[in-house]
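Data first, discussion second: the structure below is written as structure tokens.
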Amino acid sequence: MNKKHIKKILKYICLSEKDKIKKAMKRINYSPYQIVFILNKKKQLIGSVTDGDIRRGLIKKFDIEAPLKKIMKKKYLFLYSHSDQTYALNYMRRKKIEYLPILDKNKKIKNVYSLFHKPIKSFYKNKNYNVLLQAGGKGIRLRPLTHKTPKPMLHFKKKPIIEHVINNLKRYELRNIYISVLYLKDKIKNYFKNGKNFDVKINYIDEKKPLGTAGSISLMPKVTKDPLIVTNSDVISNINISNVIEFHKKNKSFATMAVRIYESSNPYGIVETKGKNIITLREKPIEKSYINAGLYLFNPAVIKMLKKNEKIDIPDLFKILKLKKKKIIIYPITENWLDLGNKENYNLLNKIRK
């Protein structure tokens, strides 16, 4: 790698401590490097931020407009620029780290070594993850649009909604796809067939009756060691699924739910009291909460935990897992996310994008 190329990479993955969390998210999502390095005013390295650091910060309700110094890791491993590359790579393997900054005597970054410096597609090329797309619902909220067309096949930007979902899966080499179908299922099957024309492999799970938002999981094939990915077919997002997988694995989670941060504002000032005494005043406060984003990762053992062909919804499944004391966690997302499952959103977004 020549000096010009190294300089270009460093410019992209090095940010200031005053830069906002959302800027780091964009850099990480669109780079084969899944890390950014934080510099002070003197351009010296003072910390690092990974996707996992960002999600943990969001769980703690940090705002994406907050500066990176709020969530960065101040402790980091490094080597000086006179170090041999072979030694550096062996050092990384011993320390079990993926990225290693190489510094000069003034603590300025001169290079970054990576054990996994590959495009996202290469990194997941040989994985055998199964993806289940839920597409069996009647789409009642979108009627009369869904009287003759199943919800996943409604068009958005000149393509069926579900095709956008599949295209995002392909970005991360997730090509082993199962689609659960019931309502007007032949329209989905006739369009996608076996998936060959879309550069994926598609199998269909035929529901004999409505099974809710989680029942079709019971009909998935034999258990594999890799996480099972389950997603709605009416939500379009550019979420980096490889990061969700990594987060799920690193946290040794049994089930991970992607959640969207939802902000609701009160138009009035809130007065908090104790008896007749005023404790505090809050002017037009903004309340933050999480909503289900329609993407889940499960330990594949979940398949055997469900009764075949029994109706069950995702919230009930998570309640069961909690009762069984399985580790269930959230993965907060702030990436673009469009819920096209209701008529108001669908019509509005199509009108905007014509």
Quiz item: N238 to Y191: extension gain in nm, 0.36 nm per residue of separation minus the Cα-Cα distance?
Solution: 14.6 nm
Quiz item: Given a Förster distance of 51 angstrom, what is the FRET efficiency for V223 paired with D63, based on the Cβ-Cβ distance and rounded to 0.05?
Solution: 0.80
Exercise. Have a look at N299, P67, A214 and report the one farthest towards the positive end of the charge dipole of the chain, computed about the Cα centre with Cβ charges (Lys/Arg +1, Asp/Glu -1).
Key: P67
Quiz item: Taking the Cα-to-Cβ direction at K250 and at E98 and moving 7 Å from each Cα, how far apart do the two end points lie in nm?
Solution: 0.7 nm
Practice problem: Go ahead and set up a Gaussian network model of the chain, Cα springs under 10 Å, then flag whichever of H155, H82, H248 fluctuates most. | Solution: H82
Exercise. Choose one answer from I97, I162, I202: the residue with the largest mean-square fluctuation in a GNM of the chain with alpha-carbon springs under 10 Å.
Key: I97
Quiz item: So what's the net charge close to A24: Lys and Arg +1, Asp and Glu -1, counting the other residues with Cβ under 14 Å from its Cβ?
Solution: +4
Exercise. Under 1.5 on a/c is rounded, so check that first for region 64-183, then, if it is not, pick prolate when a/b is larger than b/c and oblate when it is not; a ≥ b ≥ c are the square roots of the alpha carbon gyration tensor eigenvalues.
Key: prolate
Quiz item: Measuring from centroid to centroid over Cα atoms, what is the spacing of region 304-333 and region 197-227 in Å?
Solution: 16 Å
Self-check item: Spacing of the two label points (7 Å from each Cα toward its C-beta) at K110 and T86, in nm
Solution: 2.0 nm
Quiz item: Given P152, L174, A255, which one lies farthest toward the positive end of the charge dipole of the chain, if we put +1 on the Cβ of every Lys and Arg and -1 on the Cβ of every Asp and Glu?
Solution: L174
Exercise. For the chain, set up a Gaussian network in which alpha carbons nearer than 10 Å are linked by springs, and say which option among D19, D313, D84 fluctuates the most.
Key: D84
Self-check item: FRET E, pair N167, N277, Förster distance 35 Å, beta-carbon r, rounded to 0.05
Solution: 0.05
Quiz item: Size of the dipole of the chain about the Cα centre, Lys and Arg at +1 and Asp and Glu at -1 on the beta carbon, nothing else charged, in debye to 20?
Solution: 880 debye
Practice problem: Provide the percentage of antiparallel DSSP beta bridges, counting only those with both residues in the chain; round to the nearest 5. | Solution: 60 percent
Quiz prompt | Listed candidates [x] 31, 22, 20; [y] 34, 21, 18; [z] 38, 28, 20 - label of the one calculated as semi-axes √(5λ) of the Cα gyration tensor in Å | solution = [z]
Self-check item: Helix-only CD estimate at 222 nm, as mean residue ellipticity for the chain, using -39500 (n - 2.57) per DSSP H run (n ≥ 4)
Solution: -7500 deg cm²/dmol
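Since every read-out is calculated from the coordinates, none of them should be taken as a lab result. Note that the coordinates shown come from a computational prediction; the quantities given were computed from them, not determined experimentally. Cβ sites come from the backbone with ideal geometry, for glycine too, and all protein chains shown count toward neighbours.
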